Amino acid sequence: NEPTVLTITYAPWITIVKGAQDTNAGRLEPGDVVAYTINVGNSGNLAGTVRIVDTMPAGFTYNPASLALPSGASATFAAGQGVNGTGVLTVSNVRVEGVSNQNPQPFASVTFSGSIKADAVHQSVVKNCLASTVAEAPAQTPSACDAGLTVYNAPVLVVTKTVVDNNGGGVEPD
């Protein structure tokens, strides 16, 4: 009989879920505020330290005062950067403990918000994606996107009525 040999790997196993919500719960229109939540979970048996790089979507203006971070995390915002030129939010040192009897579902959350720009294209989709790295497990690069929200920015129609008397006289009612 050969003995059974088990190799136990100690490592974090990071997952990220990202959500977006129009805070007024109506149609998403210019000026509306969109709140983003990034939940970082760890189903591994060791803590993980996550770095998140989040490029802001087109048609969106980030509000730095809205940023809420877990304890020990830090953030920078590079305005004008990213593929849309709308900025890149980098959140560092998001620490998520490993699974234990005391903490069976460890997670950390990052939240922020911003508004839809006045010139957002009608029926465009505001979708926000992020990439990340895990310091203790460099092969892990979890990414996440929200489902996307459709912007309703219908054109404003202005009607002007002009009356011209083709006989050259004054215009009078019948």
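Listing for the model above:
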quantity	calculated
For the chain, accessible area per residue (1.4 Å probe, heavy atoms of protein chains only), Å²	62 Å²
Partner lysines for residue 117 [C-alpha distance under 25 Å; skip if fewer than 8 residues away on the same chain]	18, 127
Over the range 18-105, volume per residue of the alpha carbon convex hull, in Å³	119 Å³
Percentage relative contact order, the chain, counting C-alpha pairs under 8 Å, at least six apart	28 percent
³J(HN,Hα), Karplus 6.51/-1.76/1.60, whole Hz, each residue of the range 26-39, x for Gly, Pro	x, 5, 7, 10, x, x, 5, 9, 10, 9, 10, 10, 10, 9
Percent of beta bridges antiparallel (DSSP, the range 24-174, rounded to nearest 5)	95 percent
Gain on full stretching of the segment that runs from residue 172 to residue 7 - 0.36 nm per residue minus C-alpha separation	49.6 nm
Residue 117 long-range amide H proximity, modeled H, under 5 Å	31, 60, 61
Qualifying trypsin sites (Lys or Arg not before Pro) for the range 90-162 [loop in DSSP, other Cβ within 10 Å: at most 10]	161
Radius ratio Rg over Rh of the chain, counting only Cα atoms, Kirkwood formula for Rh	1.32
Carbon + sulfur, % of accessible area of the chain - ligands and nucleic acids excluded, 1.4 Å	52 percent
Residue 118/residue 65 FRET efficiency (R0 22 Å; Cβ-Cβ; nearest 0.05)	0.65
Point-charge dipole on Cβ atoms (K/R +1, D/E -1) for the chain, about Cα centre, debye to 20	500 debye
Per-residue SASA entry for residue 17, accessible area with 1.4 Å probe, Å² rounded to 10	90 Å²
Integer Hz, Karplus 6.51/-1.76/1.60 couplings in order for the range 91-99, x for Gly and Pro	10, 10, 6, 7, 9, 10, 5, x, 5
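The values are calculated or read from the model by the stated rules, or taken from the named source; none is laboratory data. This structure is a prediction, so every number in the text was calculated from the model and none was measured. Cβ sites come from the backbone with ideal geometry, for glycine too, and all protein chains shown count toward neighbours. Note: accessible area is taken over every heavy atom of the protein model, side chains too, but ligands, DNA and RNA are not part of it. Shrake-Rupley method; radii C 1.70, N 1.55, O 1.52, S 1.80 Å.
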